[in-house]
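Structure first, commentary second.
The values are calculated or read from the model by the stated rules, or taken from the named source; none is laboratory data. Keep in mind that this is a model prediction, so the values were computed, not measured. All Cβ positions, glycine included, derive from the backbone under ideal geometry; neighbour counts span all protein chains shown. Ligands, DNA and RNA are excluded from the accessible area calculation, which covers all protein heavy atoms including side chains. Shrake-Rupley method; radii C 1.70, N 1.55, O 1.52, S 1.80 Å.
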Amino acid sequence: MSARDWYGDAVQQSTSHLRRRTGDLAAFAEIREVVRSNGQERGVRSLQIRNADGLEIEVLIDRAFDIGDVRYRGVPVSWRSGNGYRHPSLHEVESEDGLAWLRTLDGFLVSGGLDHALFGGEYDATHYHYPPKQTVRHGLHGRLSSLPARLLSVDEEWQENGGVLRVRGEVVQATSFGEHLRLRRTIEVDVFGSGFRIDDEVENLGFERTPHMFLYHINVGWPVVDEGSEFHGAIQRHVWKSDSVDEQGAPHDRLIAPERHFVEQVWEHELSAGQDGRHRVALLRSDGNFGVEIDWDASAMPHFFEWQNLREGQYGVGLEPSTHHVSGEAAAREDGTMIWLEHGESRTYRTSITLLDGPEATAAARSRVQSISRKEATA
């Protein structure tokens, strides 16, 4: 029996049992606030959440309350691009022809929004009723990821059997004579378990009708991403794919080894939802020893993109639930699928992430996804 096996069994006890064996329950699970002090990350506040099963996630307060590093029992899960978790004051949203967002792309979750996601451009802004501002320009995936959040609460709720580690924060994206949107995010980790939950609410605090687009860029790296790793989803059809797919030929469902000068490949998959109304995808190592499963409310984020960045030194995969189709803001405004929020209106998003440790866990995840596909085929 390995050390983690015997410890996992030993720690699964009542809280009163654990209290008799330590002066501080932080020995088993805790939330710790950290401020980085070096390089371009200097001043960035984060919350390090660690549970009793060895799950560790880092919430980046000053990076839109997104998620940086994720580990489970010492195994790294999150993708690292090399950008680092730069302080938001260093970001120039309007630079590099709208591609400056790529300098913020690092870690497990980078959110796109709140009034724009997907590729940038120039769009009508007359709904803000400010004559000098007839149009507005957006870069790739909008402004959200470079905005610092306000920490609202940190709670370690121990119950007699287990408990919940919970943090809440809010990000306000606002400008005079423009959008005034607020994201309130709650992230929960059970004291015992291998997963966590992200609950978001986006509300229009302004008095002007405002567009809303939202996307989760959930990034997974090695060793989950490896040659032969498998993508599983209840795919009805491929709605769209980047030109690089035909040019390079790497498949969507089985990953290749890192390649020099690999050009990112992107698919939009139309997924079937389960009976619970949720979409579900999984990324699994070929040996079945580890993986990641994601499920979310299909009605809130009906679209999904698979992003393959299999370039040497950048090796990772993005799993991306989205409110909108890849054609983006202009098409959504034209075809009527744009989400418009009036004053006080809001949208909620609920997502769960489960880390899969061992063949039994990965096989169960594969079965959950396949059961959706089978039901769709027989419907």
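Quick one: compute the contact order of the range 47-156, relative version, from alpha carbon pairs under 8 angstrom and 6+ residues apart, as a percent. Numbers along the way, then the final one.
On the way: 207 pairs, mean separation 29.2, N = 110.
Here the relative contact order equals 27 percent.
With charges only on Cβ, +1 for K and R and -1 for D and E, what is the dipole size of the range 38-109 about its Cα centre, in debye, rounded to 20?
On the way: 9 positive and 12 negative charges, 72 e Å.
Dipole of the range 38-109, to the nearest 20 debye: 340 debye.
Rounded to the nearest 20 Debye, what is the dipole magnitude of the range 159-277 about its Cα centre when Lys and Arg each give +1 and Asp and Glu each give -1 at the C-beta?
Details: 11 positive and 22 negative charges, 69 e Å.
Its charge dipole is roughly 340 debye.
Which order do the peptides 188-200, 55-67 come out in when sorted by mean C-beta neighbours inside 10 angstrom, highest first? Could you put the intermediate results ahead of the total?
Working: 188-200: 19.5, 55-67: 25.6.
Most protected by this proxy first, the peptides run 55-67, 188-200.
With a 1.4 Å probe and every protein chain kept in, tell me what percent of the accessible surface of the range 240-366 is carbon plus sulfur.
Numbers: 2360 of 5280 Å².
Carbon and sulfur together cover 45 percent of it.
Select from the chain the helices, each a whole stretch of DSSP H, whose alpha-carbon atoms run 20 Å or more along the helix axis and whose Kyte-Doolittle mean is at least -1.0; answer none if there are none.
Working: long enough: 359-378 (28 Å, -0.78).
Sorted by number, the helices that extend far enough and score high enough are 359-378.
What is the antiparallel percent of DSSP beta bridges lying wholly in the range 266-379, to the nearest 5? Intermediate results must be reported in sequence, preceding the final value.
On the way: 24 of 24 bridges.
Counting DSSP beta bridges with both partners in the range 266-379, the antiparallel share is about 100 percent.
Take the alpha carbon gyration tensor of the range 162-207, find the square roots of its eigenvalues, order them as a ≥ b ≥ c, and report rounded if a/c is under 1.5; if not, report prolate when a/b exceeds b/c, else oblate.
Numbers: a/c = 4.83, a/b = 4.38, b/c = 1.10.
Prolate.
For the range 1-68, how big is the tail of P(r) above 16 Å, as a whole percent of Cα pairs?
On the way: 1337 of 2278 pairs.
Here the long-distance tail beyond 16 Å is 59 percent of all Cα pairs in the range 1-68.
Can you give the helix-only mean residue ellipticity at 222 nm for the chain, where every DSSP H stretch with n ≥ 4 adds -39500 (n - 2.57) and the sum goes over all residues, rounded to the nearest 500 deg cm²/dmol?
Values: 5 runs with 48 residues, N = 379.
Mean residue ellipticity, 222 nm, calculated: -3500 deg cm²/dmol.
Charges on Cβ only, +1 for Lys and Arg, -1 for Asp and Glu, centred on the Cα centroid of the range 65-154; of SER146, VAL77, PHE108, which one is farthest towards the dipole's positive end?
Farthest towards the positive pole: VAL77.
Name the residue from GLY68, TRP6, SER37 whose Cα lies farthest towards the positive end of the charge dipole of the range 1-73, charges +1 on Cβ of Lys and Arg and -1 on Cβ of Asp and Glu.
TRP6
With an 8 Å Cα cut-off and a minimum separation of 6 or more residues, compute the relative contact order for the range 166-221 in percent.
Working: 75 pairs, mean separation 15.8, N = 56.
Once normalised by length, the contact order is 28 percent.
Taking the Cα centre of the chain as the origin, how large is its charge dipole in debye, to the nearest 20, when only Lys and Arg (+1) and Asp and Glu (-1) carry charge on their Cβ atoms? List each step's numbers first, then the result.
Details: 41 positive and 60 negative charges, 162 e Å.
It works out to roughly 780 debye.
Along the charge dipole of the range 222-379, Cβ charges K/R +1 and D/E -1, which of GLN275, ALA300, SER244 sits furthest on the positive end?
Farthest towards the positive end: GLN275.
Can you tell me the Rg and Dmax of the range 151-258, counting just the alpha carbons, in angstroms?
Radius of gyration, then largest Cα-Cα span, for the range 151-258: 20.2, 57 Å.
Where the convex hull is taken over the Cα atoms of the chain, what is its projected area averaged over directions, in nm²?
Working: hull surface 81.7 nm².
Averaged projected area of the chain's Cα convex hull equals 20.4 nm².
Shape verdict for the range 102-188, please, from the Cα gyration tensor: rounded (a/c under 1.5), prolate (a/b greater than b/c) or oblate.
On the way: a/c = 3.96, a/b = 2.19, b/c = 1.81.
Since a/c reaches 1.5 and a/b is larger than b/c, the shape of the range 102-188 is classed as prolate.
Starting from the range 293-347, pick out the trypsin sites (Lys or Arg not before Pro) whose DSSP state is loop and whose Cβ has at most 14 other Cβ atoms within 10 Å.
Numbers: sites: ARG311, ARG333, ARG347; in loops: none.
Of the trypsin sites (Lys or Arg not before Pro), not one in the loops of the range 293-347 has a Cβ with at most 14 other Cβ atoms within 10 Å.
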